[in-house]
Amino acid sequence: MNRYTKFINMMGSYYTKDYEKEKKNITKVREIKEETVKKFFLQGDCEILVVFEDTGREILIDDFSPVEDIKKYLGPSFVDKKRR
């Protein structure tokens, strides 16, 4: 299962994904487009860790999260039409 991270700060938000480099034993962090995250989330193939940079609070959201939480932290476009 893929894990993406959504960082929320006062200026906006952005998504990242960690990639493990096997040869060098390092973790590389890359910024990902929201459309890519949405595609995998609607397929049920990922979970999203929402991090508030100002407070340090973290919330894990996946397929089984309540619809209200998905709408609140990710947006209404992340809700599957069957679950609305």
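The values are calculated or read from the model by the stated rules, or taken from the named source; none is laboratory data. It should be emphasised that the depicted structure is a prediction, and the values quoted were computed from it without experimental measurement. Virtual Cβ from ideal backbone geometry, glycine too; neighbours counted across all protein chains shown.
When E47, E31 are checked against the criterion of being under 16 Å from N9 (Cβ atoms) and of a type in the set (D, E), E31 stands alone in meeting it. Before we move on, is K71 out of contact with any Lys or Arg (no Cβ under 6 Å at 6 or more places or on another chain) and either of a type in the set (A, V, I, L, M, F, W, C) or surrounded by 14 or more Cβ atoms within 10 Å (Cβ to Cβ) (or both)? Yes.
Results for (1) within 27 Å of D54 (Cα to Cα); (2) hydrophobic (A, V, I, L, M, F, W, C); (3) at pLDDT 90 or above; (4) surrounded by 10 or more Cβ atoms within 10 Å (Cβ to Cβ), shown as yes or no for each residue.
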{"site": "N2", "(1), (2), (3), (4)": "yes, no, no, yes"}
{"site": "F7", "(1), (2), (3), (4)": "yes, yes, yes, yes"}
{"site": "G12", "(1), (2), (3), (4)": "yes, no, yes, no"}
{"site": "Y15", "(1), (2), (3), (4)": "yes, no, yes, yes"}
{"site": "D18", "(1), (2), (3), (4)": "yes, no, yes, yes"}
{"site": "K24", "(1), (2), (3), (4)": "no, no, no, no"}
{"site": "K33", "(1), (2), (3), (4)": "yes, no, yes, yes"}
{"site": "K38", "(1), (2), (3), (4)": "yes, no, yes, yes"}
